[in-house]
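The values are calculated or read from the model by the stated rules, or taken from the named source; none is laboratory data. Note that the coordinates shown come from a computational prediction; the quantities given were computed from them, not determined experimentally. All Cβ positions, even for glycine, are placed from backbone atoms using ideal geometry, and neighbour counts span all protein chains on display.
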Amino acid sequence: MKSIKYIIIFILGLATSSVFAQSQVSFEAKVSKRKLGINERLRIDFIMNKDGDNFNPPSFENFTIVGGPSQAINNSWINGVKSFSKTYSYFLAPKKRGEFIISQSTIEIDGKLYKTSPINIQVTAAVDKPKDPNDPNYIASQNIHLVAEVSKVNPYLNEAITVIYKLYISPNTGVETWREIDNPRYSDFWSQHINMKGLKLVNSTYKGKDYRYVVLRKTVLYPQKTGKLNIEPLTLDVKVQVPSNRRNIFGDRQMQVVHRTVAAGNRTINVKPLPEQGKPLDFTGAVGDFKFEVTTNKSELKATEALEARILVSGKGNLKLFKLPKLTLPSSLEVYEPEHSENVSTNLAGMQGNISDSYTIVPSFQGNYPIPSVSFSYFDLKNDRYKTISSKELIVNVTDGPINGDSNKSTDEAKTNSKQSVTVSNNQFASFKTNTNLVAIDTAYFFKSKLFWSILLLPFLAIPLAIFVRRKKDQRDGDVVGNRIRKANKLARKYLSEAKKALGQKESFYNALERALHNYLKSKLNIVTIEFSKDKIRELLNEKRVNTTTVVEFNELLESCELARYTPFSNVEMQHDYDKASSVITALDKQIR
């Protein structure tokens, strides 16, 4: 009897431990290697044995994501026991050498938050790789090149130069997509990107071989320092199509897609200082080819009226990078701070257009007031010398106003004599009202008035309204299904709000948008994460008799969220997808009951 008892206890213990093992949740991170060269790549997998929500990966601040995240789900039955695993995978390329820590990732499973352990990674100098002519990565490295073409390598300070980035591709190689993973900062330059309207493939040669190229970016730079300046490289992650060893039924080699990181390389330019010989005293840094003028909108006006004097510089050059000369006026004229205006466009030739300062001037007395000549100096790149342009002296005739004895003095005398004799008229305060206009106060009694009876009866009239509101609230609280739907709508609005804030940040935006769609359908249709597939969604929405167009649009949004991880930023219309998500959720609310 005792032996039977022990056997029963042993079997119960095994069953209990088996149930405990099945119910235990695990969430861990695994890497393909902990030590790699800077020219190698790292794979990291985040694995869980139970499905969860709101997965947040680490920041990967010292790495560039060149692939992923990809998702894999595995269900299996072994000896009657069900096992489940879900994996998020990323492919990373290190940005620099050193020892780094991949921080924790988090996920929510059954209402609890689980975290992975940090992982130490060591990145060494580039390692030698065997050059296998059949290796797709080696083929891609030999057939695709990113080149930065600089228009001038020895410009003057504040002289415009252009940098054109061209991606060269060999004839037997294709490019699916590309994305920028490291942008030049141009810290020693004023920079302006030129908008590109579409990409055009051009036949050309590269190092004596036939190639095609496409212009990816055009940038105008104005060096702000002299000496040797470095133009940082542009780095891209490119999905390249290269021939593989496999062949189709016709004997043609099939293409294979590989990721290739290409950089334009550092470029160094030697910036010359502007010559000191012949530099005018009023030179403020203008470099280019300019015209200069000083104008007024009136030559004759009355006292206390306003006129506008405008200093204008137009032409080609660093228009946004220098100061305009100041206007000097007699002290008897009241002058306000100038209003600066810029009408400048930038193309491959640099800045062109005009800038101006507009002064508002108000004379107080009669007389003829001179606006002295103003000079403007700039460095002419065509002749490599300084030029000075002077405006004409302008005379402003002020009529109808008080007479000031000092108004006919010269400009220099007006500047030295800052105290003016002011003529005070008897009606100087005519604009102020000095006569009162009294109105009698309404003496009607409040007691037994209409307002009195309204305030008195209002609480009694509000009692039925309060009872009605209370009943509606009780009905709403008892509506379990309705509350769940309202909760789903609130959750969807929350995530759509997060997506709206992240517009312009591709990864954050599409993660928030995907979570909104995900959690919305989970609550709306009462499905769990494992059932969240396109076919299952289509089936469930069709059962709810949802319009076919709405179902297609919903699945298209999910595809956009997935495609956004591999598509260049410029090819993803985030605003369009956000508006589409709002309209789709609204349509589902109307159609699902």
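Looking at the range 279-292, is at least one residue under 25 Å from residue 370 (Cα atoms) and modelled with pLDDT under 90?
no
For residues that are surrounded by fewer than 18 Cβ atoms within 10 Å (Cβ to Cβ) and in contact with a Ser or Thr (Cβ under 9 Å, 6 or more places away or on another chain), scanning just the range 353-363, find the one that is nearest to residue 307 (Cα to Cα).
Among them, the one singled out is 362.
Please give the helices (runs of 4 or more DSSP H) falling wholly within the range 446-565 in which 1 or more residues are at pLDDT 80 or above and over 22 Å from residue 52 (Cα atoms). Before you say what the answer is, go through the steps one by one.
Values: elements: 450-478, 480-501, 506-525, 534-543, 548-563.
Where helices (runs of 4 or more DSSP H) fall fully within the range 446-565 and carry at least 1 residues being at pLDDT 80 or above and over 22 Å from residue 52 (Cα atoms), they are 450-478, 534-543, 548-563.
Take residue 283 and decide whether it is in contact with a helix residue (DSSP H, G or I) (Cβ under 9 Å, 6 or more places away or on another chain) and either within 25 Å of residue 163 (Cα to Cα) or of a type outside the set (Ser, Thr, Tyr) (or both).
So residue 283 fails the test.
Step by step: first the residues of the range 391-410, then only those that are surrounded by fewer than 17 Cβ atoms within 10 Å (Cβ to Cβ), in contact (Cβ under 8 Å) with a residue 40 or more places away in the chain and touching a strand residue (DSSP E or B) at 6+ places or on another chain (Cβ under 7 Å), then the one that is nearest to residue 154 (Cα to Cα). Which residue is that?
Per the stated criteria, the residue is 394.
Residue check, residue 199 against (1) in contact (Cβ under 8 Å) with a residue 60 or more places away in the chain; (2) out of contact with any helix residue (DSSP H, G or I) (no Cβ under 6 Å at 6 or more places or on another chain), all met but one. Which one?
Every listed condition holds for residue 199 apart from (1).
How many of the residues in the range 59-74 are modelled with pLDDT of 85 or more and under 11 Å from residue 88 (Cβ atoms)?
So the answer is 0.
Of all residues in the range 296-330 being modelled with pLDDT of 95 or more and among the β-branched types (Val, Ile, Thr), which is farthest from residue 371 (Cα to Cα)?
In this case the residue turns out to be 313.
Scan the range 274-305 for residues that are part of a loop (DSSP other than H, G, I, E, B) and over 14 Å from residue 324 (Cβ atoms) and report the count.
Going through the range 274-305 one residue at a time, the tally reaches 14.
Is it true that residue 113 is outside the structural domain of residue 242 (by TED's automatic domain parsing) and either closer than 26 Å to residue 506 by Cβ or not in a loop (DSSP other than H, G, I, E, B) (or both)?
yes
For the range 86-97, does any single residue satisfy the condition of being within 27 Å of the chain's Cα centre (by Cα) and among the charged types (D, E, K, R)? Give the derivation first.
Narrowing the range 86-97 to residues within 27 Å of the chain's Cα centre (by Cα): 88-96.
With the extra rule that they be among the charged types (D, E, K, R), the set shrinks to 95-96.
Within the range 86-97, one or more residues are within 27 Å of the chain's Cα centre (by Cα) and among the charged types (D, E, K, R).
Residues in the range 85-95: is at least one in contact (Cβ under 8 Å) with a residue 40 or more places away in the chain, among the basic types (Lys, Arg) and either in the same structural domain as residue 559 (by TED's automatic domain parsing) or touching a strand residue (DSSP E or B) at 6+ places or on another chain (Cβ under 7 Å) (or both)?
Checked the range 85-95: at least one residue is in contact (Cβ under 8 Å) with a residue 40 or more places away in the chain, among the basic types (Lys, Arg) and either in the same structural domain as residue 559 (by TED's automatic domain parsing) or touching a strand residue (DSSP E or B) at 6+ places or on another chain (Cβ under 7 Å) (or both).
Do you know which residues across the range 21-67 are small (Gly, Ala, Ser) and under 23 Å from residue 97 (Cβ atoms)?
Within the range 21-67, 29, 32, 37, 59, 67 qualify.
Filter the range 92-122 down to the residues that are of a type in the set (D, E, K, R) and surrounded by 15 or more Cβ atoms within 10 Å (Cβ to Cβ) and list them by number.
95
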